[in-house]
Structure formats: C-alpha cells, structure tokens
Amino acid sequence: MKLVIQGGNMLRGRVRVSGAKNAALLLIAASAIVRGEVILDNVPRIADVETQLEIVRALGGRAEWQEANRVLLNWPDQFEAIVPYKLAKKLRASNLFLGALAARIGQVQVPLPGGCDIGSRPMDLHVKGLNALGFEVVLEHGFIDARARELRGGRIYLDFPSVGATENIMMAAVGIPGTTVVENVAKEPEIVDLASFLNATGATIRGAGTDLIKIEGREPGARSVSSEQMRFSVIPDRIEAGTYMIAAAAMGTEVTIENVISQHLQPVIAKLQDMGLDVLVDEDSLTVRRNGSLQATDIKTFPYPGFPTDLQSPIMVLLCLAIGTGVISENVFDNRFRVADELKRMGAQIRVKGHTAVVEGPVRLLGAQVKATDLRAGAALIVAGLVAEGETEICQAELIARGYEKVVEKFSALGARIKCVD
Ligand code: UD1
C-alpha cells in the first residue's frame, strides 16, 4: 500500500482523535481475566486491533465489532493457552496475553513478539516479574512458556520502567493470592487505564501512575466480576493527537484537535511552545496555532511523563523546518532514527550518531519516493510530505494503518491532498 501526497496545502479545521491503540490492545488482552462479557468503547479500527482480536478468536474467545468503535469480548471457561506465532509476529502487544492468561488459567505460551523494528526489544523484565510471582518461565522454540508453580505475591524492582513488563506483571499479580509490590514501574496513562479496568473487575490495585504499584491478588481464575457485563471506554490516543499537533505546527494556520486529555500531552505542548507555537488548551480539545517561524529546540525522549519516543520521528520533521540546530536524544529505544535516512532523501540535514540526532534547519523539503520503516516513521513521512514541494510517495504505508484510524480521511478533512493507492 502507498500513500501519495501533494505537498503545500495549509491545514485548517478540526480533527477528532480516536481511542488509544496501546490502551485498546492492552484491554483486549486483559479481557481474558474477566468472566462474563466485556464491552469496550472508543476502540480504534486499525490493523493492530484487528490482529489482537484475531488472537482472541484463535484462543477460543469471542471478539466482535458491534458498532463502528465498540467491541464485545467474551472468553469461555476453557480456552487455548498458546498464542499462535503467525498472529503474534505481527505486533509487539501480543505479549500482553502473557500476564492476562497467567492470571486466568495459570499457564501460557507466547511467541517472542514481533512489531515495529525500532531496536532490540527484550523480555527479561517480564520474565523476572513472573518468576518473582512463582511462575516457572522457560524460553524455548521461540516461545515464552510460563507455568504456575508456587504462586505468591512478591516484591519486584524493574531496572527500567518498561510499559509492557509493568502491564504483564499487574495482570499476572491479579491472579495470585497475596500482595505484590512493583517498584520503578511505568507511569504511562495506559497503565492507569489498565488499573481502572482491573479494579472495575473487582481487583485492588493502588498507585498506578506513580513509581510504585501495589496489587492485592486472588486465586487464579477466581470469579472476577459480579455483573454479567462490564463496559469500559478506551482513553484517547495521545500519540495520534500529538501527530496531528505536529502536523498542524508544520503546515497549519489553526487546527483544533478534539477528544484529547491535555494532561497526557503536556510534554508535547511544552515543546511546541518552546518552538514558538501557540497551544490553547480547552476542556477536551486543544488548538495549535502557527504565528510565524519555528525555532529549534532539543528533544530528549523518556518514559512518561517525559517526551514520548513514539513522537520522536514526527517531531524530527518539525526540527527540519525550524531555525537553528536541534538535538534529539533517544533514551528509550536503541534504533529509532531510521526515518532520518528517508527524510534526507527529501532534503533534510540530519547527522545521527548513536542515540543522538542533530537536525539543522530550516531546509526546503522536496517530495520524493520514501519508505515507512516503522509505524511512527510513517507518520513522520506524512508530515514531511504535507510540507514538501511536489509529490511524495510513501511505500509500506500499511505500517501506518497499524496505528492510525482513517488517516487519509482525517488529513483530507483538514485540507491535505493525500490519497491511498493499493
Ligand atoms: C510500549 C508501547 C510503544 C512505546 C513504548 C515506550 C505498546 C503496545 N507499545 O512498548 O508504543 O514506544 O511502550 O513508550 O504499548 N526493555 C527491556 N527489557 C524488557 C522490556 C523492555 O530491556 O523486558 C526495554 C526495551 O528494549 C526498550 C525499553 O525497555 O528499550 C522500553 O520498552 P517498553 O517500555 O517495554 O515498551 P513496550 O511495552 O514494548
């Protein structure tokens, strides 16, 4: 799949953000802990969600779209414990069935996950956590195989606040009698969403959103929710929102981004303001207004509430347009600058050394044929294509469809000339 963009059209108007990809993928997996129907609202209709739903079906669960963005999930009393490789290899979030199935049935086999090629993505912290809770975990034949042995609450310190490890440990600990304390955990909004979801099923989780989470667990598979049906709405996607904010900063006069939790976007708002943009925050929307030229700034990615690594590629494009030198330090993943080579093909001046990229601006970007090397690199290339003179053709655009709902429609409604070619 290809996206073809004719650059140079100003963006203007309003765009509505979808539900968060990473929260939706997580809650679809977490639904395995619940006995009874789970209805999730505000679920984005994107390729990664479709794959996660296919995994539920492959394991024997029910997963159906009910309305445009509503999904019904229901797990039978008995189901498969082996996540199939052919689906798991498509996305990293397939590893979230590890914690969920460990909690519900005490055993699970998950293939070492796939997903975006943005550096090595080990699973050691997930394994360390499950070990500490009394699971025997072996890595063989490309699978992580976890089996309940002597389950007990434990105290776990994460060497790095990994999002996925925090989520898997929280879910697994819900199915274990006793108290589990996890320190140096991730504080991302998706973690808080998971705690709210699990607490709504009758779990007791405190501290989500801080460095320490405490979980009071129960027997594996214990009846988890009293009502027959549980409803939950997925939080808005802060990365999608940030992408439209950056596109607006690059090519906008005034763009309002609706359905946002602005607190989740503080690091992005602060950086756009540093670069000279007006960001007006309203109750559940925000408006980005470009008044004049952009000024360079430095970007350091960090776990939340730091600047999100998932917006590092898109903001690199903005630095190409800004006056001065901007230095980006990537502190979360070890190979996330591949987009720089594609942007250079469009005229960018970027030097990459290790975990640092030095971006010189302002440059005139020219349309070119480029390749989306991963999901967020693809989003960055859309922003670059909107600005560039002439036509930009982005191949491997199916990677963008993994995480952005109706991306062509949304950008077109803002005035972009963008189309999808199969
Ligand atoms: C999640 C998000 C992804 C985002 C990332 C960081 C989902 C589905 N994906 O990915 O969009 O970019 O958080 O905000 O929610 N690490 C280890 N050992 C481990 C686990 C992780 O060393 O056991 C390292 C990774 O290699 C990486 C860093 O920790 O360098 C961050 O990874 P992590 O926070 O786990 O990200 P994901 O959960 O994979």
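The values are calculated or read from the model by the stated rules, or taken from the named source; none is laboratory data. Not measured: the values here are computed from a predicted model. Cβ: placed from backbone, ideal geometry, glycine included. Neighbour counts: every protein chain shown. These area figures cover heavy atoms from the full protein model, side chains too; ligands, DNA and RNA do not enter into them. Shrake-Rupley method; radii C 1.70, N 1.55, O 1.52, S 1.80 Å.
Hey, what do the phi angles of the range 328-340 turn into as Karplus ³J(HN,Hα) couplings, whole Hz, using 6.51/-1.76/1.60 and θ = phi - 60°, x for Gly and Pro?
Result, rounded to whole Hz: 9, 10, 9, 10, 10, 10, 9, 8, 10, 10, 5, 5, 4.
Angle check, please: helix 312-321 long axis (alpha carbons) against the longest principal axis of the chain (alpha carbons), in degrees 0 to 90, nearest 10.
Between helix and principal axis, roughly 10 degrees.
How many percent of the accessible area of the range 1-145 is carbon or sulfur, using a 1.4 Å probe?
Answer for the range 1-145 is 46 percent, counting heavy atoms of protein chains only.
If R₀ is 45 angstrom, what is the calculated FRET efficiency for the pair R231 and K128, using the beta carbon separation as r and rounding to 0.05?
Given R0 = 45 Å and the Cβ-Cβ separation, E is 0.85.
I'd like to compare 242-255, 373-386: which one has the highest average count of other Cβ atoms within 10 Å, and what's the full order after that?
373-386, 242-255
How large is the charge dipole for the chain, taken about the Cα centre, if only the Cβ atoms of Lys, Arg (+1) and Asp, Glu (-1) carry charge, to the nearest 20 debye?
The dipole magnitude comes to about 340 debye.
Can you give the accessible area of F160 in Å² (nearest 10), computed on protein heavy atoms with a 1.4 Å probe?
Rounded to the nearest 10, the figure is 80 Å².
Please compute the length gained on full extension between A270 and S329, using 0.36 nm multiplied by the number of residues separating them and subtracting their Cα-Cα distance.
Full extension of this stretch gives 19.6 nm more.
Under the definition of Cα pairs under 8 Å and six or more residues apart, what whole-number percent is the relative contact order of the range 21-233?
It rounds to 21 percent for the range 21-233.
Before I look further, what does the chain give for accessible area per residue, probe 1.4 Å, in whole square angstrom?
38 Å²
Just to be sure I understand the curve: with the Debye formula and one point per C-alpha of the chain, what is log10 I(q)/I(0) at q = 0.12 Å⁻¹?
-0.94
Note the angle between two axes, namely the Cα long axis of helix 375-387 and the longest principal axis of the Cα atoms of the chain, as a number of degrees from 0 to 90, rounded to the nearest 10.
Rounded to the nearest ten degrees, it is 20.
For T204, which sequence-distant residues (separation of 5 or more, or a different chain) have an amide H within less than 5 Å of its own amide H, given hydrogens modelled in the peptide plane?
E216
Pairs K300/K371; K86/K371; K2/K353: which exceed 28 Å Cα-Cα?
Pairs exceeding the cut-off: K2/K353.
Tell me the net charge near L96. Cut-off is 11 Å between Cβ atoms, L96 excluded, with +1 for each Lys or Arg and -1 for each Asp or Glu.
Once positives and negatives cancel, what remains is -1.
Using the charge dipole of the chain (Lys, Arg: +1 at Cβ; Asp, Glu: -1 at Cβ; taken about the Cα centre), state which of V288, G129, N42 has its Cα farthest towards the positive end.
V288
What does the charge count around P189 come to, taking other residues whose C-beta lies under 14 Å from its C-beta (Lys +1, Arg +1, Asp -1, Glu -1)?
Summing Lys and Arg as +1 and Asp and Glu as -1 gives -4.
So, in Å, what gap is there between the alpha-carbon centers of the range 331-356 and the range 287-330?
The range 331-356 and the range 287-330 have Cα centres separated by 13 Å.
Which residue fluctuates most in the GNM of the chain (Cα springs below 10 Å): D274, D41, D193?
D274
Could you rank T204, T301 by how accessible they are, 1.4 Å probe, largest area first?
T204, T301
Using alpha-carbon pairs under 8 Å, 6+ residues apart, how would you state the relative contact order of the chain in percent?
21 percent
Where does the chain land at 222 nm, in deg cm²/dmol rounded to the nearest 500, when only DSSP H runs of n ≥ 4 count, each adding -39500 (n - 2.57), divided by all residues?
Helices in the chain give a 222 nm mean residue ellipticity of -9000 deg cm²/dmol.
How tilted is helix 238-251 with respect to the longest principal axis of the chain? Cα atoms for both, answer in degrees (0 to 90, nearest 10).
0 degrees
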